[in-house]
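Read through the structure below, which is laid out as structure tokens, and then see the notes.
Every number here is computed from the coordinates shown, using simple stated rules; none is lab data. Every value quoted in this text rests on a predicted model; they were computed, and no experiment measured them. Heads up, the Cβs are rebuilt from the backbone with ideal geometry, glycines too, and the neighbour counts pull from every protein chain shown.
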């Protein structure tokens, strides 16, 4: 069994973004369309022990909104067994500081991502003696243990994907492992988590086709979206993101994706966030779910 909870489905800044006065952000702020916190997932092999995929700046609110992640045993406790990072971007790591309350768990990331944490002393607040930092090797399956050493029932495989360095590290030489995807399986069912990806290579497409569920970045609808809106001089690819639409976009390229296909990491500028938009209709007609905070999916049946 593989339980999946979307803790947050928005891109960096969330939706509505704090300084945006765009019509969609106003509608979300006024409660006319759903808001979204910044992207993170929780996964479990037994519905009791949970692993977080990225730790967004909104993590405290996400935990409070998710009963499965509440303290349930000792005076201080958590069902969170570990956190798995796909990159060192601010919207993927900042939530680690929420988890600094001397609560043990395991922290996983590539050598490149862990080095970025090591270089910033603020993350020493997450005590290494209590929270070990464990490197992920590319394409090497890892049987995930619970905190007490028992089996979680889940196996994790990290795989390199085209991307870029975090914004704060773009001036440094590029390193392998700066952006990864995650494949997680219970032995019978498999999910792929790709919150950032600049190109869907043949090997990535092969991995996706073999999965039962895909949680795919949906940052932008079109590559020049931010430029056309006057929000940024950067294209989506310059920011390390492939767009939803277009001949080389996600919808066209992944027309044979799993039946459970969910867009997450959706930027506040993306028109699919508006329920009655033509873009939303096009994505849904192509079989995609526009992810929302709190979305739950279970692959398999409980024993």
Projected area averaged over orientations for region 13-61, convex hull of C-alpha atoms, nm² = 4.3 nm²
Give the Cα extents of region 221-268 along the principal axes, in whole Å, largest first.
-> 35, 21, 16
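Return the tail of the calculated pair distribution for region 77-213, meaning the percent of Cα-Cα pairs more than 23 Å apart.
Of all Cα-Cα pairs in region 77-213, 35 percent lie more than 23 Å apart.
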Who wins for biggest fluctuation among 255, 171, 265 in a Gaussian network model of the chain, springs between alpha carbons below 10 Å?
-> 171
Cα coordinate range in region 161-247, projected on the principal axes (Å, largest first) = 46, 31, 19
With each label point set 7 Å from Cα along the Cα-Cβ vector, what nm distance links residue 174 and residue 227?
-> 1.9 nm
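Based on alpha-carbon atoms only, what is the radius of gyration of region 232-300 relative to the globular estimate 2.2 N^0.38 Å? The partial results should precede the final answer.
Details: Rg = 12.8 Å, N = 69, 2.2 N^0.38 = 11.0 Å.
Computed over Cα atoms of region 232-300, the ratio equals 1.17.
Which three semi-axes in whole Å describe the equivalent ellipsoid of region 84-149, each the square root of 5 times a Cα gyration tensor eigenvalue, listed largest first? Intermediate results must be reported in sequence, preceding the final value.
Values: eigenvalues 66, 53, 19 Å².
Working from the Cα gyration tensor, I get semi-axes of 18, 16, 10 Å.
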Helical contribution to [θ] at 222 nm, DSSP H n ≥ 4, -39,500 (n - 2.57), averaged over the chain, rounded to 500 | -3500 deg cm²/dmol
Taking every DSSP beta bridge that has both residues in the chain, what percent is antiparallel when rounded to the nearest 5?
-> 55 percent
Listed residues 288, 18, 221, most fluctuating in the chain (Gaussian network, C-alpha, under 10 Å) | 18
Here, the chain modelled as identical Cα point scatterers in vacuum has Debye log10 I(q)/I(0) at q = 0.10, 0.12 Å⁻¹ of -0.50, -0.75
Between residue 139 and residue 111, how many nm apart are label points set 7 Å from Cα along the C-beta direction?
-> 1.6 nm
Compute the FRET efficiency between residue 235 and residue 129 as 1/(1 + (r/R0)^6), taking r as their Cβ-Cβ distance and R0 = 41 Å, and round to the nearest 0.05.
-> 0.40
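Taking the number of other C-beta atoms within 10 Å as the exposure measure, put 159, 123 in order starting with the fewest. Numbers along the way, then the final one.
Working: 159 17, 123 20.
Ranked by crowding around the Cβ, least crowded first: 159, 123.
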